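Remarks on the structure that follows.
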Amino acid sequence: AALLPVSAFAQAAADAEMVGSAEEFLAGATAAEGDLSLTAPEIAENGNTVPVSIDAPGAVEVRVFAMGNPTPGVAAFRFGPLAGSRAASTRIRLAGTQDVTAIAKMEDGSFQTASKTVKVTIGGCGG
Amino acid sequence: MADGVKPRVKVPSSASEGEVITIKTLISHPMESGQRKDGDGNPIPRSIIWRFTCDFGDQNVIDVVLAPAISTNPYFEFEATVPAAGEFKFTWYDDDGSVYEESKKIAIG
């Protein structure tokens with residue numbers, strides 16, 4: 001119980017920095033397709049760990065959303081001056097078969113998007 | 001602090017100046033999503049790593065915000081430009097306030 005205030009503080013920090021929704025990120029803008037590639041398997045037997053990669057030359061930030069999860073935000077990648085590319089790979093949880101969407105904010109302020117349907121055999125969100 | 005948290009990072013030991021290298025990182029962490037329930041039906045509180053950064057000196061390579069949808073033992077692979085001999089620093093921020101750090105030296109040549 002003594003740890004609670006620290007934990008609550010960290011939680012507040014996490015919420016302030018959270019990935020949010022696609023609508024919040026776009027803030028009314030429209031995303032085009034073509035300059036962002038999203039790689040994910042067509043079929044994922046285990047929804048607990050699904051490999052995804054994003055690659056968006058010229059992007060300053062790329063966010064990944066899983067629309068069929070309890071909360072859609074998955075990750076936000078911000079690239080710094082020493083980023084060797086605007087690409088990254090990670091492993092994510094998918095609750096079930098759904099579309100995974102990535103949105104990239106480009107250096108000129110425009111947005112790019114890409115989506116991929118992933119069929120999930122065993123969901124990865126417990127419950 | 002979550003139990004048994006151990007960061008692992010793969011960085012080449014040397015590169016040429018300005019070369020783009022691939023970095024792989026993995027940290028052992030349960031990434032408890034907050035969506036699961038225990039045997040009595042009570043929700044298990046969220047406990048995740050919510051941010052990961054990689055820097056070289058005072059310059060950033062990548063800054064990632066993680067949601068509970070990132071898998072157990074968060075893994076990231078990305079590329080960095082090597083500006084000079086020095087050290088890549090990696091930092092993971094836990095919901096409970098813990099900060100885990102790792103660094104890797106890289107030589108030019």
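The values are calculated or read from the model by the stated rules, or taken from the named source; none is laboratory data. Bear in mind that the values here come from a model prediction, so they are computed numbers and not experimental data. Please note: Cβ atoms are built from the backbone with ideal geometry, for glycine as well, and neighbour counts cover all protein chains shown. SASA here: full protein model, heavy atoms, side chains in, ligands and nucleic acids out. Shrake-Rupley method; radii C 1.70, N 1.55, O 1.52, S 1.80 Å.
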- Note on the structure: Filtering segment B:1-32 for residues that are polar (S, T, N, Q) and either in contact with a Ser or Thr (Cβ under 7 Å, 6 or more places away or on another chain) or closer than 19 Å to B:Val99 by Cα (or both) leaves a count of 2
- Note on the structure: When segment B:50-72 is checked residue by residue, the ones that are surrounded by fewer than 16 Cβ atoms within 10 Å (Cβ to Cβ) and more than 7 Å from chain A (Cβ to nearest Cβ) are B:Gly57, B:Asp58
- Task: Provide a single number: the residues in segment A:66-97 that are open to solvent by less than 50 Å² (accessible area, probe 1.4 Å) and more than 7 Å from chain B (Cβ to nearest Cβ).
- Result: 5
- Query: Condition test on A:Thr97, is it among the hydroxyl-bearing types (Ser, Thr, Tyr) and over 19 Å from B:Thr72 (Cβ atoms)?
  - Reply: yes
- So, in segment B:50-109, of the ones that are of a type in the set (S, T, N, Q) and under 10 Å from the mean Cα position of the chain (by Cα), which residue ends up nearest to A:Val52 (Cα to Cα)? B:Asn73
- Message: Just to verify a result, which residue in segment A:98-117, among those that are open to solvent by less than 20 Å² (accessible area, probe 1.4 Å) and among the small types (Gly, Ala, Ser), is farthest from the other protein chains (Cβ to nearest Cβ)?
- Response: A:Ala114
- Query: Considering segment B:73-109 alone, what residues qualify as being surrounded by fewer than 21 Cβ atoms within 10 Å (Cβ to Cβ), under 19 Å from A:Arg78 (Cα atoms) and aliphatic (A, V, I, L, M)?
  - Reply: none
- Message: Take the residues in segment B:73-96 that are more than 19 Å from A:Val100 (Cβ to Cβ) and of a type in the set (Ser, Thr, Tyr); name whichever of them is farthest from the other protein chains (Cβ to nearest Cβ).
- Response: B:Thr91
